[in-house]
Every structure is written in C-alpha cells, then in structure tokens.
1. Within the stretch 191-201, can one find any residue that is outside the structural domain of residue 277 (by TED's automatic domain parsing), part of a strand (DSSP E or B) and surrounded by 12 or more Cβ atoms within 10 Å (Cβ to Cβ)?
2. Restricting attention to the stretch 363-373, does a residue exist that is at pLDDT below 95, small (Gly, Ala, Ser), outside any helix (DSSP H, G or I) and surrounded by fewer than 17 Cβ atoms within 10 Å (Cβ to Cβ)?
3. For residue 209, indicate whether it is basic (Lys, Arg) and in contact with a helix residue (DSSP H, G or I) (Cβ under 9 Å, 6 or more places away or on another chain).
4. Residues that are touching a Ser or Thr at 6+ places or on another chain (Cβ under 6 Å) and assigned to a strand (DSSP E or B): does the stretch 229-249 have at least one?
5. Please verify whether residue 257 is among the hydroxyl-bearing types (Ser, Thr, Tyr) and either under 30 Å from residue 141 (Cα atoms) or in the same structural domain as residue 89 (by TED's automatic domain parsing) (or both), treating the condition exactly as stated.
6. Considering only the stretch 170-190, how many residues are surrounded by 15 or more Cβ atoms within 10 Å (Cβ to Cβ) and modelled with pLDDT under 95?
7. Give me the residue from the stretch 16-31 that is touching a Pro at 6+ places or on another chain (Cβ under 9 Å) and of a type in the set (A, V, I, L, M, F, W, C) and, out of that set, surrounded by the fewest Cβ atoms within 10 Å (Cβ to Cβ).
8. Only one residue in 107, 113, 123, 135 is part of a loop (DSSP other than H, G, I, E, B) and at negative phi, so which one is that?
Amino acid sequence: MKVTSERLEDCQAKIRVELDAAEADKRLRDTARKLSREFNVPGYRRGKAPFAAIVRTFGLEAVQQQGIEDWGNDLYEMAMKEIDVEPYKVGELQDVEWDPFAMTVLVPLQPEVDLGDYRSVRVPFEVEEITDEKVDEALAELQQRYAQWVPVERPAEYGDQVVLDMEGRAGGKVFMSNQEYEMVLEEGATYPITGFHAQVVGLSAGEDKTFTLNVPEEDEDQDVAGQEGTVTVHVHSVKAEELPPLDDDLAMMVGDYDTLADLRIATRQNLETEASQKADSEYLDKVFDAMIEAAPKIEYPAQAVDYESDMALSQMERNLASSGIDFDTYLRIVGKTLESYKQELYPVSEKRLQRRLVLTEVVSREKLSLEDDEIKAEIDRLVESMGEQGDEMREMLESPMGRMSIAEDLMIQRVQERIVQIAKGEAPPLKEDKTEPETEAADDAEGEPEAAAEEIGADEGPESETD
C-alpha cells in the first residue's frame, strides 16, 4: 500500500491510498466471496460461486462499491497511521479509481493558531463622557415618562392623542371598524391605513368626517385590496401631552430625592455607571478583534465552523422547546428556511470559533490553571444562591459533568480577565516552566481544571467512519 498526502488551504489534506494490482484483486475477490455467501448466485450453492459468476450476477460496479464499504475505512485508518497529520474529524471519500486502485480522501485538519506577540496588543479603554447635554436629555426622558394627556379645546394636531370611532367600506364590505379607539396622531403613519392620521388632523372633539383612502394592495382581505374605500370617523376627544415641570416636585415624584439638584446628580451617576458597564462589555469584543487581527495565523477547516453552527442550532432548538415552541414553527414565524437561517448563523459561528481558538491558545501560552478548591468554592456559592433548592442541586453540580462545566466556566472567566489585562498593559509576568515532578495526588486534583482548559477549545465534531 502506498500513501501520499497533499496539504491544502484552510486546514485540509488530500490523502491518496494506492494498492498494487494483486492486493486490490485479492480484496475484491474477498468481497465477491462474501456476496456469494449472503446472496444466491444462479447455478451455484451459496459461497461456491466463482468470481466471474458473481460479477456477472451483481455487476462489477456493485461488487466494487461493496468492497469500498467493506474495507475502505480500514485502508483509511492504516493510511492515517503512516502520515504525519492530526485530523479534526474523519475524512470524506472524494474519489475511487480501480485500474489501478486508488482512493482519495479529503481530511479536515486540526485548527492551527499562532498569536505571535499577543502580549504587545494594546486596546485603549474608552468610556463615553457624560456631558451636561446628556444629563439634560435623560431628564427630558423622565419628564416624558411622567407626562399626562390633558383635554384641549382646539383642533387635533400631530402628537395629540385622540379617541374616535371609525369605519371603512370598500366594494360593499367593511374593511376597518373600531369604537372609541385611542391613538396618537403621527405624521407619515401607515396604521390603520396610509393617510388616515392626516385626515384626522384638524378635527375637534365632537366632529365627524367622511373621506376616501385607497386600501393597500397587500391588505389581507383581497376582495377590497387596492380599491378606493370610504372612511367615516367621529372624534370623541382630543388631548395634548403635558410635561411636568422640571422642578423639585418632579424629583420627589421620580424617587427619593428632595430637590432637582439631587435628581440631576443621581442621573449623572447612573449615566456614568451605564457608560462604564457598556465600555466593559464592549472592551472584551474589541480586544478579541485586535488579537485576531494581529495574529500571524488562525486557520481552521470549514467543518469546524459547521460544527459550531450545529451546536448553536441545537442550543436554539432546546431553548425554544423549553418555551413550548417547535423549531419549524419558529422558522415559519420569522419567515426563514432552515438553510437561510444556517447561512445567517455561519458568520456568527465563525467569529465564536475564532474567539474560542484565541482563548485556548492564551490559556496554553499564559499557563493558566485552576485549583480544586476554586471549583469547590464555586459549587458552594452556586448552592447558596439557589436557596432551598440548593441541596438538591449540589449532587448534580458535584457530579463529574457538573464539576467539568463549572471548571470550564471558571477557566473562561480567568482567561478573559487575562486578555483584558494584556490589552490594558496590566498583565502579570508569564510564569516560568516548572520541572519538578508532581505527585499522583496532585495530578488527580488538577485533572478537571486541565480538562476544562482543553474543553474551551473543544470544537471537534463527533467522529464517524469515512463518509
């Protein structure tokens, strides 16, 4: 058997397995004998038919196809032992030739990451400045929140609230009807029908009006869609929005504030807190983007992104199921097909994969680790936070899978904190390699934290036989 490999772009390798004529013929004849034992060959007892009779009965192509199914995976596994590649998952059969025999398999390889001098990456941490104008805008929103609608004795204007009866007819059918309907008049509004709001502007309480408007072509009642409709309205009331004065009374109405000055100070502090929290949440994204951009190499096979998408899709299905919604129903609601949804998911999944690869590499380069006591402390914290249900949850949390999940969460938190420190220039010096042998007990204690570090980058899909 001769095995050759060719490295392709995007972490793929083309593996070619060749057999000499004698070996290929022997394997094919073994397959033929198997067929003759399992199926009847006219004129022969089972297992006794010669090769030519078997080929004549089933066809050479069918015998060859059965041969690939019987021993193609064995050839693949033997080939993988001979070449120096690390597969991401089992390869996909691309081509088979029979004269002479050659089998070509496309094998996705493990992602390759080189972050280069990632410790030199710097990202400025910027918090939005809270100006007096922004404080004024926030106070104006508070005024709006506590505004009241008060009756006015004048014709309705845009921005007013009106209560009215309305009825629309077209082609002898009622296509719109409502009694004492409350609405705010907005310029350019299209509900309940384009042009309706403009016709109501100028009417006062107690007035009636009849006018014509075109029913939209996309109206759900196709019997009247596109026709000219006659609309009648009766206005019950017209109200204008009255904002409360920006004074001490508003401050006391909003909360535990004695004066408007107190409210202004608290508003500024709230805005500053929100700005800081927003900066924190956005900063990690910026750091990821900067490290990815600065990295000399972050390569991965397309299958890794597919697997990430499949995991996100499965999580989405579980979330919907927990709310009693079938995934197919959800797709119909949002007007998407499964294929279009996957296409939208792909760039998000690729970004998630890139970040996962960065995290995994930083854990390795920074020699980050967890102590068993940290996992125990986190379990205790979670149990305590669950109140009366805590004791019931402890058994699950202390299971091997529960501990692994907690260790992974803690490690992700730790490595994210580290890359933020790096980007701010605040990272501690790298640890030096320790050469002292560790005890078996120490190895056992650190097993879960180490596995958690590996789990951060667990992008490998389930392995199966050669596709």
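The values are calculated or read from the model by the stated rules, or taken from the named source; none is laboratory data. In this text the structure is predicted, and so the values were computed from the model without any measurement. Cβ placement follows ideal geometry from the backbone for every residue including glycine, while neighbour counts extend to all protein chains displayed.
1. Step one: list which residues in the stretch 191-201 are outside the structural domain of residue 277 (by TED's automatic domain parsing), which gives 191-201.
Narrowing further to those that are part of a strand (DSSP E or B): none.
No - not one qualifying residue is present in the stretch 191-201.
2. So far as the stretch 363-373 goes, yes, one or more of its residues are at pLDDT below 95, small (Gly, Ala, Ser), outside any helix (DSSP H, G or I) and surrounded by fewer than 17 Cβ atoms within 10 Å (Cβ to Cβ).
3. On the way: basic (Lys, Arg): yes; in contact with a helix residue (DSSP H, G or I) (Cβ under 9 Å, 6 or more places away or on another chain): yes.
When the stated conditions are applied, residue 209 passes them.
4. Yes, that holds for at least one residue.
5. Numbers: among the hydroxyl-bearing types (Ser, Thr, Tyr): yes; either under 30 Å from residue 141 (Cα atoms) or in the same structural domain as residue 89 (by TED's automatic domain parsing) (or both): yes.
Here the answer is yes, as residue 257 does meet what is asked.
6. Result for the stretch 170-190: 4.
7. The initial filter retains those residues of the stretch 16-31 that are touching a Pro at 6+ places or on another chain (Cβ under 9 Å), namely 18-21, 24.
Still in the list and also of a type in the set (A, V, I, L, M, F, W, C): 19, 21, 24.
Details: 19: 19, 21: 10, 24: 19.
That would be 21.
8. Just one listed residue meets the conditions, 123.
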